[in-house]
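There's a structure below that I have some questions on.
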Amino acid sequence: KKRLLQDKFIGSLVGTFVGDALGMAVEGYTIEEIEKKYGQLDYMLEARLGAGTYTDDTEMMIGVAESLISASGFDGADMAEKFVTNCNLDRGYGAGTIEALNNIKAGSSWQEAGENIFDGGSFGNGSAMRIAPVGVFYHTDYEELRIKAKKSSQITHAHPLGKTGAAIQALTVGYAVNQKPEADFSVTDYLDVLTEYIDFESVEYSQALSSIQDFLKNVPEPKVVRNKLGNDARAFNSVPTSIYSCLINTDNFKKAVTYAINLGGDTDTLGAMTGAIAGAYHGYNDIPSDWLDQLENRERGLDYVIELGKKLFCL
Ligand code: 8NA
Ligand code: MG
Ligand code: MG
Ligand code: MG
C-alpha cells in the first residue's frame with residue numbers, strides 16, 4: 001500500500017513530464033492539423049529541443065518539487081528563487097511568467113511579483129501546469145491543499161482566475177492520489193469534493209463544470225470539447241479540458257494523455273496537466289515504457305524527477 005502511494009507521487013510528477021514532452025511537438029496545431037498529419041498522435045515526435053525533452057511546464061514543476069522538499073512544505077520566497085534559478089528560456093516560457101521572474105530578480109517579494117502583470121495578474125495556465133507536487137504533497141488535507149496551491153500561483157499568476165485554475169488542478173491531483181486505481185473513479189464523488197472546496201462563482205469555471213457534466217452524460221466529438229472547454233493557454237480554457245480528458249479516459253494513463261494532446265492548441269500543457277492527474281491516479285507503473293524510454297535523462301531528466309517524487313513521498 002505504501003509502495004502504491006509512492007508510485008502515485010512519482011506518477012504525477014513523471015506524468016507531467018511525459019505529457020509535456022509528447023504534446024510539445026504539436027503545440028499550436030489544430031485538431032484537424034494533427035489528425036491530417038499523424039492520425040491519432042500517441043508517440044514522441046522529434047521537436048524543438050529533441051524528442052522526449054521537456055518545456056517550461058516540467059521545468060517549473062521541478063522547481064515546485066525542489067522547493068517543497070528543501071523547505072519541508074510551501075515557502076513562497078524559496079519557490080520563487082527556485083523558479084528563477086531553474087529558468088532556461090529555451091524551454092519556452094509565457095510572457096507573463098517571464099515578467100514575474102524578472103520582477104523577482106529585481107527584488108520584488110513573491111507576493112508582489114505577479115500582481116501587476118496584464119490586467120490584475122495573469123490567468124495563464126502556467127501555475128496549474130506545474131502544480132503536481134503541491135497536489136500530491138497535500139493530498140491528505142484538501143483545505144490546506146487549496147490554500148497552498150493558490151499561494152504557489154500568486155508568485156507568477158496572481159489573477160483570481162489563475163489561482164482558481166491552479167487550485168482546481170491541484171485538488172484534482174490530490175483527489176486522484178486518494179483513489180484506488182483499479183476501482184472506478186467516481187465522477188459524482190469527485191465533483192462533490194471539487195465543489196465543496198472550490199468557489200465556482202466565476203462564470204468561466206462554473207460554465208466549464210456544467211459542460212463537463214453534460215459531456216459525461218452525452219459524450220461529444222473532440223471538436224465539440226475543444227470548442228466548449230477550450231485548448232488555449234488561459235487557465236479556464238485548459239484546466240477543465242485536462243480534467244475532462246481524464247474523466248472520460250479512466251482506463252489507463254496512455255488513453256487520457258493521448259486524448260488530451262490530440263485536442264490541439266496548448267498541447268504540451270494539456271498533456272502535462274492531464275498526465276499529472278492520470279499519473280496520480282494510475283501511478284508510475286502505468287506509464288508506457290516506450291514513452292519513458294524516450295524522455296531526456298541528462299542532469300535533471302527522468303531519473304532526477306523520479307528522485308524528487310520519492311523525496312516528496314518520504315518527507
Ligand atoms: P502567461 O502568464 O503569459 O499567460 C499565458 C497567456 O494568457 C498570456 O500570454 C496572455 O495571452 C493570456 N493572459 C494571461 N493573463 C491575462 C490577463 N489578465 N488578461 C489578458 N490575457 C491574459 O504565461 P503562462 O506561464 O501562464 O503560460 C503558460 C504557457 O506558456 C504554457 O502553454 C507553456 O507551455 C508556455 N508556452 C510556451 C510556448 C512556446 O514557447 N512555444 C507557446 C505557448 C505557451
Ligand atoms: Mg510549455
Ligand atoms: Mg471557456
Ligand atoms: Mg504550453
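The values are calculated or read from the model by the stated rules, or taken from the named source; none is laboratory data. Keep in mind the model is a prediction, meaning the values are calculated, not measured. Positions of Cβ are generated from backbone atoms using ideal geometry, with glycine treated the same way; all protein chains shown enter the neighbour counts. Surface areas here come from the heavy atoms of the whole protein model, side chains and all, with no ligands, DNA or RNA. Shrake-Rupley method; radii C 1.70, N 1.55, O 1.52, S 1.80 Å.
Inspect the stretch 98-117 for any residue being part of a helix (DSSP H, G or I), open to solvent by 70 Å² or more (accessible area, probe 1.4 Å) and closer than 30 Å to Thr258 by Cβ and give the result as yes or no.
No: the stretch 98-117 contains no residue that is part of a helix (DSSP H, G or I), open to solvent by 70 Å² or more (accessible area, probe 1.4 Å) and closer than 30 Å to Thr258 by Cβ.
While we're looking at this one, here's another question. Being more than 25 Å from Phe123 (Cα to Cα) and buried (at least 20 other Cβ atoms within 10 Å of the Cβ) is the filter here, so list the residues in the stretch 231-257 that pass it.
Passing the criteria: only Phe253.
I'm trying to understand the selection: among the residues of the stretch 172-184, which are over 20 Å from Ile147 (Cβ atoms) and surrounded by fewer than 17 Cβ atoms within 10 Å (Cβ to Cβ)?
Keep residues of the stretch 172-184 that are over 20 Å from Ile147 (Cβ atoms), which gives 179-184.
Lys180, Glu182, Ala183, Asp184, listed by residue number.
This table checks each residue for (1) more than 16 Å from ligand 3 (Cβ to nearest atom); (2) in contact (Cβ under 8 Å) with a residue 60 or more places away in the chain; (3) within 27 Å of Gly28 (Cβ to Cβ).
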{"residue": "Asn249", "(1), (2), (3)": "yes, no, yes"}
{"residue": "Ile261", "(1), (2), (3)": "yes, yes, yes"}
{"residue": "Gly265", "(1), (2), (3)": "no, yes, yes"}
{"residue": "Ala272", "(1), (2), (3)": "yes, yes, yes"}
{"residue": "Glu299", "(1), (2), (3)": "yes, no, no"}
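Another question, then. Only one of (1) in a loop (DSSP other than H, G, I, E, B); (2) more than 16 Å from ligand 4 (Cβ to nearest atom); (3) under 20 Å from the mean Cα position of the chain (by Cα) is not met by Ala256, so which one is it?
(1)
I'm checking my understanding of the structure. Among residues of the stretch 201-218 that are in a helix (DSSP H, G or I) and without any contact (Cβ under 8 Å) to a residue 12 or more places away in the chain, which one is least open to solvent (accessible area, probe 1.4 Å)? Walk me through it before giving the result.
Taking the stretch 201-218 and keeping what is in a helix (DSSP H, G or I), we get 203-217.
Retained after the next criterion (residues that are without any contact (Cβ under 8 Å) to a residue 12 or more places away in the chain): 203, 206-207, 210, 214, 217.
On the way: Val203: 86, Ser206: 40, Gln207: 120, Ser210: 56, Asp214: 85, Lys217: 167 Å².
That would be Ser206.
Additional query: Is it the case that Gly124 is closer than 22 Å to Glu204 by Cα, at pLDDT 95 or above and open to solvent by 20 Å² or more (accessible area, probe 1.4 Å)?
no
Having 2 or more residues that are over 30 Å from Val225 (Cα atoms) and away from ligand 1 (no atom under 12 Å from the Cβ) is the bar; report the helices (runs of 4 or more DSSP H) wholly within the stretch 1-75 that clear it. Talk me through it step by step, then tell me what you get.
Numbers: elements: 2-24, 31-38, 56-70.
Of the helices (runs of 4 or more DSSP H) lying wholly inside the stretch 1-75, those with at least 2 residues that are over 30 Å from Val225 (Cα atoms) and away from ligand 1 (no atom under 12 Å from the Cβ) span 2-24, 56-70.
Give all pairs with beta carbons closer than 6 Å in which a residue from the stretch 134-154 that is assigned to a loop (DSSP other than H, G, I, E, B) meets a residue that is among the aliphatic types (A, V, I, L, M) and open to solvent by less than 20 Å² (accessible area, probe 1.4 Å); count only pairs at least 6 apart in sequence or on separate chains.
The qualifying pairs are Tyr138/Leu145; His139/Val177.
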